[in-house]
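The numbers here are math on the coordinates, done by the rules we state, and not lab data. These figures come from a predicted structure and were not determined experimentally. Here the Cβ is made from the backbone with ideal geometry for all residues, glycine too, and neighbour counts use every protein chain on show.
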Amino acid sequence: MKAQNIRELLEDIANLLLEHEQDQREDILFEELDRACIYTHNVWEILNEERPINFFNDATGEHCETPYQLAWVVLYEKFMEDYSTLIY
């Protein structure tokens, strides 16, 4: 994550989604978010940059149980704030 901040990462994912059909984009988004969180170091970089105040996942109404889940949710929520029109 050091070479790329969250904003740049999400922008790259958005550009990738534009190369695919609408019905494929959600699956690709999930794959890319998984890929962004694959390494523990990346997870902590995401959490360090964003500094979430709790482990609550608004989408599911549950708490994230691991730092990986929290980092994934952080990325997903930020992506949906800026680029949701690419998915829906």
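Condition test on T85, is it out of contact with any Lys or Arg (no Cβ under 9 Å at 6 or more places or on another chain), exposed (fewer than 11 other Cβ atoms within 10 Å of the Cβ), in a loop (DSSP other than H, G, I, E, B) and of a type in the set (S, T, Y)? Judged against the criteria, T85 is not a match. Figure legend. Inter-residue proximity from the range 29-45: first residues within 22 Å of D82 (Cβ to Cβ), second residues surrounded by fewer than 18 Cβ atoms within 10 Å (Cβ to Cβ) and charged (D, E, K, R), beta-carbon distance below 9 Å, spacing 6+ or different chains. Indicated pairs: E32/D12; E45/K2. The set of residues in the range 55-70 that are part of a helix (DSSP H, G or I), buried (at least 17 other Cβ atoms within 10 Å of the Cβ) and out of contact with any Pro (no Cβ under 8 Å at 6 or more places or on another chain) comprises Y68, Q69. State whether the residues of the range 18-41 include one that is surrounded by 18 or more Cβ atoms within 10 Å (Cβ to Cβ) and either hydroxyl-bearing (S, T, Y) or in contact with a Lys or Arg (Cβ under 9 Å, 6 or more places away or on another chain) (or both). No, there is no match, as no residue in the range 18-41 is surrounded by 18 or more Cβ atoms within 10 Å (Cβ to Cβ) and either hydroxyl-bearing (S, T, Y) or in contact with a Lys or Arg (Cβ under 9 Å, 6 or more places away or on another chain) (or both).
Criterion applied to V73, V43 was being assigned to a helix (DSSP H, G or I), of a type outside the set (K, R) and in contact with a strand residue (DSSP E or B) (Cβ under 6 Å, 6 or more places away or on another chain), and the one residue passing it is V73.
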